[in-house]
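Worksheet for the structure shown next.
The values are calculated or read from the model by the stated rules, or taken from the named source; none is laboratory data. From a predicted model like this one, the values you see are computed outputs, not experimental measurements. Here the Cβ positions follow ideal geometry from the backbone for every residue, glycine too, while neighbour counts run over all protein chains shown. Heavy atoms of the whole protein, side chains included, go into the accessibility calculation; ligands, DNA and RNA do not. Shrake-Rupley method; radii C 1.70, N 1.55, O 1.52, S 1.80 Å.
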Amino acid sequence: MHRINPEKLLRSKWTAIAPQNRERHFIVTTLHRDEENEHVVKVTLQAVMTHNDYMLAWRDLADDTVWQMGWK
């Protein structure tokens, strides 16, 4: 599991371990915060090749079996 600081995720780069639809490389484009605007709860990942957006819980990025930090 990666140690991730959610406040530093914006514009970070990620590689999908098992790419789907030729989407392997992603960049975090948006941080979504809770109602009090204090804590990051979700992020929007944009596929570099297709520009498709995907929203997921930021903690899902810590799963080494699904995501790898950086572009590999």
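I'd like to verify a number: residues in the stretch 1-30 that are under 12 Å from Val66 (Cβ atoms), surrounded by 11 or more Cβ atoms within 10 Å (Cβ to Cβ) and of a type in the set (A, V, I, L, M), how many?
Qualifying residue count, the stretch 1-30: 2.
Surrounded by 15 or more Cβ atoms within 10 Å (Cβ to Cβ) and not in a helix (DSSP H, G or I) - does that describe any residue in the stretch 60-72? Quick ask: steps written out before the conclusion?
In the first step, residues of the stretch 60-72 are kept if they are surrounded by 15 or more Cβ atoms within 10 Å (Cβ to Cβ); the result is 61, 67-68.
Subsequent filtering for residues that are not in a helix (DSSP H, G or I) retains 67-68.
Yes - at least one qualifying residue is present in the stretch 60-72.
Within the stretch 43-59, count every residue that is outside any strand (DSSP E or B), open to solvent by 80 Å² or more (accessible area, probe 1.4 Å) and of a type outside the set (A, V, I, L, M). Steps first, please.
First pass over the stretch 43-59, keeping only residues outside any strand (DSSP E or B): 48-52, 58-59.
If we keep only those that are open to solvent by 80 Å² or more (accessible area, probe 1.4 Å) too, we end up with 49, 51, 59.
Subset that is of a type outside the set (A, V, I, L, M): 51, 59.
Residues in the stretch 43-59 being outside any strand (DSSP E or B), open to solvent by 80 Å² or more (accessible area, probe 1.4 Å) and of a type outside the set (A, V, I, L, M): 2 in total.
Among the numbered criteria (1) open to solvent by 50 Å² or more (accessible area, probe 1.4 Å); (2) among the hydrophobic types (A, V, I, L, M, F, W, C); (3) more than 15 Å from Trp67 (Cβ to Cβ), which one does Val40 miss?
Against the list (1) open to solvent by 50 Å² or more (accessible area, probe 1.4 Å); (2) among the hydrophobic types (A, V, I, L, M, F, W, C); (3) more than 15 Å from Trp67 (Cβ to Cβ), Val40 comes up short only on (1).
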